[in-house]
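The values are calculated or read from the model by the stated rules, or taken from the named source; none is laboratory data. Note that the structure is a prediction, hence the values are computed from the model and not measured. With ideal geometry, Cβ positions are generated from the backbone for all residues, glycine too; neighbour counts draw on all protein chains shown. For accessibility, only protein heavy atoms count, side chains too; no ligands or nucleic acids. Shrake-Rupley method; radii C 1.70, N 1.55, O 1.52, S 1.80 Å.
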Amino acid sequence: MVNVKSKVCLLAAMLAFSQGGVAATQGSETDIIEPVIARQAIDVDLHSADWEIGVFAGAVNLDTGSSNAVTGGRFAYHLNENFFAELSYSETNHTPAVKYFNGVLGYNVHQNTFIASNLSAKSSIFFVAGIGDIEIEGSSLNSVVAGAGYRLMITDSFSLRFDLRGHVHHEFGNDDEWAIDTEANAGVAYFF
Amino acid sequence: MHLLLQFFKSSLLTAICLLSMAFSVSAESNPKVQVATAFINMHTGPSAEQPIFYVAEQGEWITVESRRTGYFKIISSDGTAGWISFADMANTLDVDGNKVVITPAGLAGILAKFG
């Protein structure tokens, strides 16, 4: 009995909705309804997912000789399939933290990485070069940055990234000597 | 009272059904275009370096999925996914038979705006 009731109610509800539609069409009874034959052309000029945002973690070898864990974030714009411009910020986990600001231009060399004979992913090896700023104990040092990395696209939007970088700068507190901080990190990135 | 509740429940159900129908219609918004040249090369990824593994033939309807810099991801009429260049995409027609209108992305797009 309950089942029948619910069925009747469903029917009544559907009727109520359909009547609304009938009432709407009855109002324009006198108008001649022109059928729309042509399908609407949908815009092909899609948004291009050229922006990349990501986080990473790794280790940096400071010019004092100690290695430290480092975490950071990056933001990039892909100018075309080969060139990209990227800003990144990272800091070490010890106190006082050493902070790295980098602005680099990168060049992608694309390929497909085959994980198995029937499983491959888009990937690229890239080279970066640029300038940076290193903050150590309140003072800042200019740096020249160069490095290389590998990007593996998990999907069309998500990627895994592995970066190696060298930060060349004057020694802290000694402008006559040069030092290099080497950095290795792994991260994930999202294209949008 | 019980009957009223039942009616309300059923109304809600019907409304949800109608709404989901409306959404499923709007979800099919990926544009379809027709190849208007002898063939279009399909790459495995969004770059010229990535190999050409398939072609879309003249007259074939392809679905445009997404875009990255100078490349469009498309699905061919037999369901094969691949990437075609901006220049090749310009050689397609929309459902009305007009040439598709696309503007360059990335650096080319910036230069086109100011150039």
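Observations
- Three semi-axes of the equivalent ellipsoid, the range B:32-114, Cα gyration tensor, whole Å, largest first: 20, 16, 10
- Ellipsoid fit via the Cα gyration tensor, the range A:51-191: semi-axes of 30, 15, 13 Å, each the root of five times an eigenvalue, largest first.
- Inter-label distance, nm, simple model (7 Å from Cα along the C-beta direction), B:Ile52/A:Tyr107: 2.5 nm
- Solvent exposure of the range A:95-166 amounts to 49 Å² per residue of accessible area, where only protein heavy atoms count and the probe is 1.4 Å.
- A:Ala186/B:Ala87 FRET efficiency (R0 35 Å; Cβ-Cβ; nearest 0.05): 0.45
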